[in-house]
1. Counting only protein heavy atoms, what percent of the accessible surface of the stretch 87-137 is carbon or sulfur at a 1.4 Å probe?
2. Around residue 455, which amide H atoms from residues at least 5 apart in sequence, or from another chain, sit under 5 Å from its own amide H, with H modelled in the peptide plane?
3. Provide the packing ranking of 509-517, 60-68, 348-356, i.e. peptides ordered by the mean count of other C-beta atoms within 10 Å per residue, highest first.
4. With the Cα gyration tensor of the stretch 470-619 in hand, give its eigenvalues times 5 under a square root as the equivalent ellipsoid semi-axes, listed largest first in whole angstrom.
5. Return the carbon/sulfur percentage of the accessible area of the stretch 249-466, one whole number, probe 1.4 Å, all protein chains in place.
6. State to the nearest 20 debye the size of the charge dipole of the stretch 470-619 about its Cα centre, where the only charges are +1 on K and R beta carbons and -1 on D and E beta carbons.
7. I'd like to check one number: the per residue accessible area of the stretch 374-502, probe 1.4 Å, reported in Å² as a whole number.
8. Under a Cβ-only charge scheme (Lys and Arg +1, Asp and Glu -1), can you give me the dipole magnitude of the stretch 249-466 about the Cα centre, in debye to the nearest 20?
Amino acid sequence: MKPLYLSIALALGTVFVMPDSLAGSSNATHDVAYQQSMQIKNEHLKARLAEHSLSKNNRPHLFSLIDQRLKRDISVADSASISSLQNCSSGRPELCSFFKHMGVEVATSNTTGESFVVLSALYSKTVSTNYTLIDLRLINEKGEQLTMPVYKEYFGDGQEAKRKVVHSYAKAQNILSKLAASERIFADGWVTVVYSDASNKQVVEDRNIVVEYSKDTLLAKLGHFSHLGTGTSTETGASLFPATDQGGFGSNIAKPIDNRSEAGEGVPDGKIVMCLNRNYGDCDYENIYPRDTPTSQTKLKVPFKGSLNVMGKVTRIYQPDFTTLEVKEENGTITLVENPVVDKPTFVNHGSNIFIQTKEGGGAVPIGVSDFQTISDFFAKQLTVSYDKFLGVDRTTLSWDIPQSEGVFGDATLFSRYQDTHWIMHFALDHVLRPGRDPLTASFVIGSTEMESGWQDIGHPQMQIVYSCLAEGTLITLPNGKQLPIEQLKVGDQVLGASEFSPAHHLALTIEDISVGVETIPMVQLKTKSGKTLLLTESHPVVMQSGKAVWASKIEQGAKILTESGLEMVTQIEEIEFTDNVYNLRLGRDNEDPNYQQGESFSMFANGLQVGDLAMQSEHEFSNEVETTEDVLNRLPQVWHQDYLNSLKQ
């Protein structure tokens with residue numbers, strides 16, 4: 001009997017299915033084997049591209065690179081390029097990538113009210129890319145397509161930065177019968193990415209990851225389920241009963257949630273704000289550290305609490321290293337028993353874990369990887385299991401409660417400013433749908449999403465990690481004209497500043513809060529004609545001649561900015577690496593001040609230059625500019641221009 005992965009490959013005809021666990025068997029050991037292996041990969045890739053009408057005629061440079069890789073020296077194309085794409089400790093950072101199937105969900109169209117089955121996946125790489133293609137579809141064990149195959153191309157790293165996302169969907173009513181008649185369902189995702197390696201050579205890298213989801217749990221989310229042993233068979237081969245409670249199979253997230261904004265606690269603002277070393281009323285969760293905390297010890301901490309309902313009885317939980325926790329039931333008591341044997345199922349890409357994933361950095365950071373949590377199986381061991389019945393069908397509830405003090409991610413690289421940060425909860429489980437049946441392995445995903453507007457009932461808000469500041473040592477002007485280093489100021493002190501509504505009218509303002517942190521990306525140093533210099537983070541607002549605030553990184557040489565004594569011209573702009581602390585101030589005036597306005601932000605004078613406070617920083621925290629065709633062409637290498645222009649015609 002041929003393996004199921006081979007059956008799927010044959011059914012699809014052109015799809016090259018290579019789960020991670022089998023990739024090692026394809027490693028090139030000599031020139032001939034490498035050439036044969038790469039020839040097969042190229043044929044499958046070209047067939048996949050042809051499904052989307054992509055050819056050497058409309059993607060000339062891409063196809064040229066695909067053909068060129070057949071001629072690469074075997075010493076360059078080592079086995080790591082195939083088998084270690086997720087190994088970030090291999091000594092070759094360009095091999096570090098994160099390919100994640102983001103789950104299959106039921107969503108409702110805001111326009112029509114119809115239900116859709118929505119499948120999503122993301123790919124991110126730690127190095128910059130020239131080109132990325134992702135395509136995705138939901139299939140069954142016969143290779144039949146359940147959702148429409150979709151693809152998305154990214155030329156270079158634009159506003160989406162290093163994270164690339166694709167969605168595939170279908171109307172629920174159109175696939176319900178075929179879904180019910182299927183034995184098993186799989187998310188089939190393919191990525192082709194082009195990037196420059198350490199020797200500046202263009203590398204074409206492919207990944208085809210197939211993961212299995214629970215067909216019966218998806219049917220239950222659609223309001224139907226196989227009754228497993230009762231009822232009358234339909235022509236589809238499954239007994240479908242309408243579920244009177246569609247909430248019987250889904251997730252319930254208590255933390256992290258969007259529960260507060262500047263408008264007040266309990267008033268959501270559409271994002272989960274994680275504040276780093278400050279809190280002035282808009283934080284859903286804080287990460288506060290003493291001022292003298294070493295940078296290496298600053299960690300992003302996120303609480304996680306909730307539950308997930310799964311069809312059948314869960315019998316095994318896979319940990320990140322694919323050792324397992326066996327679920328044992330005795331006299332009504334359920335325990336998890338560790339099994340140290342590694343057992344990686346073919347159609348599982350990740351063990352049970354939680355990830356924080358940003359657009360800018362590439363890759364992903366799992367929970368528990370830090371000086372505070374050295375165990376890799378932290379999340380899996382936090383899970384509790386309980387069984388019950390739902391409409392006569394076995395159901396498992398998985399629950400977790402990780403306090404913020406223990407939900408530790410990463411290091412100082414995450415202690416920075418990120419607008420669209422994903423949180424991803426991944427579950428890899430064996431579950432038995434009814435007594436006497438063999439267990440099935442499936443993946444379940446809960447987390448934030450990047451679906452465009454127009455959908456209800458899908459995903460959860462993304463995180464926004466916020467703070468941005470001035471370099472330690474920056475001199476802040478006081479109302480009496482004296483200056484003090486920003487790190488010597490304290491809450492309650494007064495500084496000289498101005499309202500955003502009257503930037504030229506100076507007044508005494510009180511410090512209400514102080515942000516202290518680190519900046520992991522290069523900072524911007526401005527120098528004026530008179531010799532004033534200021535080092536600040538790229539998105540810190542600077543007040544221009546017009547009275548409007550713009551990012552420091554958007555200021556051009558020759559621009560005029562407001563200062564303590566008038567206008568000054570910027571004569572020099574540099575990027576500077578800075579390893580010491582950075583600071584910012586939250587300023588305010590007395591509520592009894594007749595000029596007080598709700599939501600007012602302020603500016604202050606840093607080394608004599610007029611810059612925004614924390615509130616103004618929040619208003620200007622992130623840039624949402626739309627890229628034009630010209631913008632893309634300007635950042636793309638010339639050889640990719642024709643491919644990109646052709647993509648606009650399709």
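The values are calculated or read from the model by the stated rules, or taken from the named source; none is laboratory data. Please read these numbers as outputs of a predicted model, since none were measured by experiment. Cβ sites come from the backbone with ideal geometry, for glycine too, and all protein chains shown count toward neighbours. Calculation scope for accessible area: heavy atoms of the full protein, side chains included, ligands and nucleic acids excluded. Shrake-Rupley method; radii C 1.70, N 1.55, O 1.52, S 1.80 Å.
1. On the way: 710 of 1440 Å².
Looking at the stretch 87-137 in its full context, I get 49 percent from C and S.
2. Under 5 Å from the amide H of residue 455: 110.
3. In decreasing order of mean packing, 509-517, 60-68, 348-356 become 348-356, 509-517, 60-68.
4. Numbers: eigenvalues 101, 61, 38 Å².
Computed over the stretch 470-619, the values are 23, 18, 14 Å.
5. The C+S portion of the solvent-accessible surface of the stretch 249-466 is 47 percent.
6. That gives the stretch 470-619 a dipole magnitude of about 520 debye.
7. 38 Å²
8. 240 debye
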